[in-house]
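Okay, so here's the structure we're looking at.
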Amino acid sequence: MSLSGAAIRRKKTPSSDQEDAVTARPALLLAWYDRHRRVLPWRPPAGHKPDPYAVWLSEIMLQQTGVKTVGPYFQKFLARWPDVTALGRASLDDVLRMWAGLGYYSRARNLHACAVAVLRDHNGVFPDTEEGLRTLPGIGPYTAAAIAAIAFDRRTMPVDGNIERVVSRLFAVEEELPQAKPVIQKLAATLLGPSRAGDEKSRAGDSAQALMDLGASICTPKKPACSLCPLNDDCAARQRGEQEIFPKKAPKKSGDLRRGAAFVVTRGDELLVRTRPEKGLLGGMTEVPGSDWRAAQDDATALKQAPSLAGVTRWHRKLGVVTHVFTHFPLELVVYTARVAARTRAPKDMRWVPIATLDDEALPNVMRKVIAHGLG
């Protein structure tokens, strides 16, 4: 007895279900993105080609900094330097001043160095491959992949914190970060979908941004909105009811507390400042004079490093301390103040600046805290 074609049904197996899910994920993700993509200052409207300069600038700023904080800085930079040629011709001091308050200041130095390199070595045009982008200052593996995918639609998947979280939950990756990064990278690449010969529109950049948006708006660190996720039926962590335990992370090691002193000296309506060395923490930024920052620093030792100024025989210690947390260590600064006569000269490598124009100085957040405490 023969069976009609309509009567023949493919029997589903676990392996065939898995294959269907692998095939469906990229399409589901892109369909969700087309409906719900975020409006961001550096992201062009759907169907418009991204500007590599805007993509690069935003990716550098977004390293270790949230979208809400970056938005105003990105727009300020773009208004001042609308393309990489303009930024490459700017001075590092101007770039640092514009960056002040955004933190992680090595990014600003690398940003400027990269713009100079693109202008000098590439005629103001960004390389369009991961390999070419990796040769530029400040562009590591993730940033190269992000620019290549988003700006040039290269078939590569950058993995930021949002994508890490989505992928680790989708596949229930048991290994802890950072050791799990290579595994997550391979799994994330499967969400690009199959490559098709001769297909120029792979939408690799949209796939990456879809995962970023999904992590930022739906698959959040706490209380993810799983019911709204386009991949929820296929999420291993959700099936186990364990969404919030992923990604699994090794315990963080915090650095030892460092202590130091900062000296806020005024001359009428002027403040004594200096520029930090180009290399090292907060390189090239403006600061008030201060002591070394050491784990075992005591007040007597710190006071010995106060600036030598005519007429200053005694420093006034302000009540309380200024605290700040860097990536690798927390810091406590005791603040001392002094006032000097109108014609007092600044010590070597220091200068007087009007207090009214401090917003124009490349002051890191920790120094803004110090100055506010000292002048308060």
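Derivation of every value follows stated rules applied to the coordinates shown; laboratory data play no part. Because the structure is predicted, anything quoted here is derived from the model rather than measured. Cβ sites come from the backbone with ideal geometry, for glycine too, and all protein chains shown count toward neighbours.
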Test item: Cα-centred dipole of the chain, Lys/Arg +1 and Asp/Glu -1 on Cβ, debye
780
Using only Cα atoms, what is the ratio of the radius of gyration of region 100-243 to 2.2 N^0.38 Å?
1.19
With just the Cα atoms of region 258-375, tell me how far they stretch along each of the three principal axes, in Å, largest first.
41, 31, 24
With point charges of +1 on the Cβ of Lys and Arg and -1 on the Cβ of Asp and Glu, referenced to the Cα centre of the chain, which listed residue (V340, V273, A90) lies farthest in the positive direction of the dipole?
V340
Could you please rank K279, K252, placing first whichever residue has the fewest other Cβ atoms within 10 Å of its Cβ?
K252, K279
Compute the Kirkwood hydrodynamic radius of region 245-318, taking the inverse of the mean of 1/r over all pairs of distinct Cα atoms, and give it in Å to one decimal.
15.1
Dipole in debye (nearest 20) - region 258-375, about Cα centre, beta carbon charges: Lys, Arg +1; Asp, Glu -1:
360
If each residue's Cβ is checked for other Cβ atoms within 10 Å, how do S227, S58 rank with the fewest at the top?
S227, S58
Antiparallel DSSP beta bridges within the chain, as percent of all bridges there, nearest 5
65
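Could you please rank C219, C226, C235, placing first whichever residue has the fewest other Cβ atoms within 10 Å of its Cβ?
Ranking C219, C226, C235 by Cβ neighbours within 10 Å, fewest first, gives C226, C235, C219.
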Region 258-375: antiparallel bridges as % of DSSP beta bridges, rounded to 5, reads 65
Once the Cα atoms of the chain are picked out, what are the Rg and Dmax in Å?
26.4, 112
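Of K181/K253; K76/K181; K68/K318, which ones are farther than 26 Å apart at the Cα?
Working: K181/K253 18 Å; K76/K181 34 Å; K68/K318 34 Å.
Exceeds cut-off: K76/K181; K68/K318.
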If I build a Gaussian network model for the chain, linking alpha-carbon pairs within less than 10 angstrom, which residue out of A148, A342, A108 has the largest mean-square fluctuation?
A342
Pair V353, E131: separation of 7 Å Cα→Cβ label points (nm):
4.4
